[in-house]
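Below is one structure, written out as structure tokens, with a few remarks after it.
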Amino acid sequence: MPELFNDARQRLQQAIAHANLSEDAIASLQSPKTCLQVSIPVRMDNGTLKVFQGYRVIYDHTRGPGKGGVRYHPDVSLDEVKSLAFWMTFKCALLNLPFGGAKGGVTVDPKALSRMELERLSRGYIDAIADFIGPDIDIPAPDVYTNPMMMGWMMDQYSLIRRQICRGVVTGKPIALGGSLGRDTATAMGAFSVINATLPKLGRVAAETTVAIQGFGNAGAVLAGLLFEAGYRIVAVSDSQGGIYAPIGLDIPSVRQYKEASRSVQAVYCQGSVCSIVEHQAISNPELLTLDVDVLVPAALENQITAENADQVRAKYIFEVANGPITSAADEILAKKGIQVFPDILVNAGGVTVSYFEWVQNRSGLYWSLAEVNQRLQTSMLAETEAILAIASQKAISLRTAAYVQALTRLGEAIAAKGTRDYYVNHSDGKA
Ligand code: GLU
């Protein structure tokens, strides 16, 4: 498996050929600004001390403070956090948010920790990185296996360290601690806006469109619900344990209810009450990716569709809700097969967009209604979707490359505004 970061950077090289960028901008986007690795000692419930490894990477901060989630997962590594921070940089620029890109993570299996251990870990993580974050420096948020309660602990811990309430240091907080309405459903809402606006343009009707969703966390489960309500036929869903498949369509509200009660979608398979809703079969995560469906939504982790399995993918459209679910080698195979991929930095940008709204509300002290949040989110998502579709067709490039071109143009302008080689060479007399 190639290093994730090197693979992520391939997309930048491809887009550079189509964007009008200064050499300085190209040079400064090749590597992260800061990579921080910390050790977090946590007193466990049984009295022992465990030391966890944590990371925070700011990839770029030309357009504003670093922004990006914190992931708790056993596979978290510096390479992964660097890649995720890289994607955040382009995502924030693509949505024209006044942020750079950052990401954090702790190498831990959060399911093996008690709630109190998770609180000590979250506070310990903030103790370790407090000097490197802040409302105008770098703003963490939720990501895989982190949730609003943890964001509340993180904000509280930072405020204790600073001896003042600092709501704008973390987004995705509980509403009672300054969170924004609509932040919990924002990633799914944003993805839904993109899917539901583009599929009709491609001649697809909801009721005749089958969908498979890999990942049933905050993004995947909420998106499944939204698509189900809009009349799409969700034929398969999965979580880290495995998935379920029913060609005539799953009853998503029941699956969600069951998942909440049992913590696993596969458990749905054999439980009388839910099983009786519709005949369905258990499938594995790799099987879900190769189902004969119209739309495939990877909403779990990176590196799911690779050079090994891309050839077996049968979906017509892929909407990337996870960050980095398709490798660059797989991109080429999918393109040859005529499968259209809507890229992660657009499709899953709803989360960080509403994080931005939360940060604005925290700083202004004026809080918005859910309708206002969702309206603004939809406007932003649709505007950038249109822009990317236009760039892709004008330049005859993939939607992914078009998204990078759009983001790069904004990043390039910000980098150039600080002065480029051309500026200094042509004004060597020092006069403006
Ligand atoms: N973790 C989310 C992402 O990957 C949200 C980040 C944020 O809200 O800052 O986009």
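A few notes on this one:
- Gyration tensor verdict on the stretch 294-341 (Cα atoms; rounded if a/c is under 1.5, prolate if a/b is larger than b/c, oblate otherwise): oblate
- Extreme residue, positive dipole direction of the chain, given options Ile326, Ile26, Gln257 (C-beta unit charges): Ile26
- Rounded to 5, the percent of DSSP beta bridges in the chain classed as antiparallel: 50 percent
- Across the alpha-carbon atoms of the stretch 34-130, the computed radius of gyration and Dmax are 14.4, 47 angstrom.
- Building the convex hull from the alpha-carbon atoms of the stretch 279-432 and averaging its projection over directions returns 14.6 nm².
- Comparing Ala322, Ala335, Ala186 in a Gaussian network model of the chain (Cα springs below 10 Å), the most mobile by mean-square fluctuation is Ala335.
- Using a cutoff of 8 angstrom between alpha carbon atoms and counting only pairs six or more residues apart, the relative contact order for the chain works out to 17 percent.
- For the stretch 400-413, 3J(HN,Hα) per residue [Karplus equation, 6.51 cos²θ - 1.76 cosθ + 1.60, θ = phi - 60°, Hz, x = Gly/Pro]: 5, 4, 4, 5, 5, 4, 4, 5, 5, 4, 5, 5, x, 4
- Here the Gaussian network model covers the chain, with springs between Cα atoms less than 10 Å apart; of Gln394, Gln157, Gln14, Gln394 fluctuates the most.
- Under the criterion of Cα pairs below 8 Å and six or more residues apart, the relative contact order for the stretch 281-432 equals 16 percent.
- Other-chain or far-sequence residues with amide H under 5 Å of Phe342's (modelled H): Ile318, Phe319, Glu320
- Sequence-distant residues sharing a close amide H with Ser240 (under 5 Å, placed H): Phe216
- Computed from the alpha carbon positions, the gyration tensor of the stretch 168-214 leads to an equivalent ellipsoid with semi-axes of 32, 10, 8 Å, biggest first.
- MRE, 222 nm, helices only [DSSP H, n ≥ 4, -39500 (n - 2.57), over the chain, to nearest 500]: -14000 deg cm²/dmol
- Two-decimal Rg/Rh across the stretch 199-262, once Rg and the Kirkwood Rh are taken from alpha-carbon atoms: 0.98
- Charge dipole of the chain (Cα centre as origin; +1 on each Lys and Arg Cβ, -1 on each Asp and Glu Cβ, all else neutral): 820 debye, rounded to the nearest 20.
- Qualifying lysines (Cα of each under 20 Å from Cα of Lys111; at least 8 residues distant if same chain): Lys50, Lys259
- Residue-span extension gain [Ala335 to Gln164] - 0.36 nm each, minus C-alpha spacing: 56.4 nm
- If you plug the beta carbon distance of Tyr423 and Gln281 into 1/(1 + (r/R0)^6) with R0 = 56 Å, you get a FRET efficiency near 0.35.
- Out-of-range pairs (alpha-carbon distance over 27 Å; input Lys173/Lys201; Lys67/Lys316; Lys103/Lys395; Lys33/Lys91): Lys173/Lys201; Lys67/Lys316; Lys103/Lys395
- For the pair Asp136 and Leu366, label points projected 7 Å from Cα toward Cβ lie 2.2 nm apart.
- Calculated P(r) tail over 35 Å for the chain, as whole % of Cα pairs: 28 percent
- Neighbourhood net charge (10 Å Cβ-Cβ; Lys/Arg +1, Asp/Glu -1) for Gly68: +3
- Under a 5 Å amide H cut-off, with hydrogens placed 1.01 Å from N, Lys67 pairs with Gly100, Gly101, Ala102, Ile139 among residues at least 5 apart or on other chains.
- Residue of Gly124, Gly324, Gly338 that the Gaussian network model of the chain assigns the largest fluctuation, springs spanning Cα pairs under 10 Å: Gly338
- Range in the chain, longest, excluding exposed trypsin sites (Lys or Arg not before Pro) [loop by DSSP; at most 15 other beta-carbon atoms within 10 Å]: 1-162
- Remark: the stretch 243-253, residue by residue, has Karplus-estimated 3J(HN,Hα) of x, 10, 9, 9, x, 7, x, 9, 8, 4, x Hz, where x stands for each Gly or Pro and the curve is 6.51 cos²θ - 1.76 cosθ + 1.60 at θ = phi - 60°.
- Backbone phi angles across the stretch 92-105, fed through the Karplus curve with coefficients 6.51, -1.76 and 1.60 (θ = phi - 60°), yield HN-Hα couplings of 5, 5, 4, 8, 6, 8, x, 10, x, x, 8, 6, x, x Hz in residue order; Gly and Pro are listed as x.
FYI, it's all coordinate maths here, none of it is from the lab. All of these numbers come straight from a predicted model, not from anything done at the bench. Here Cβ is always computed from backbone atoms with ideal geometry, including for glycine, and neighbour counts include all displayed protein chains.
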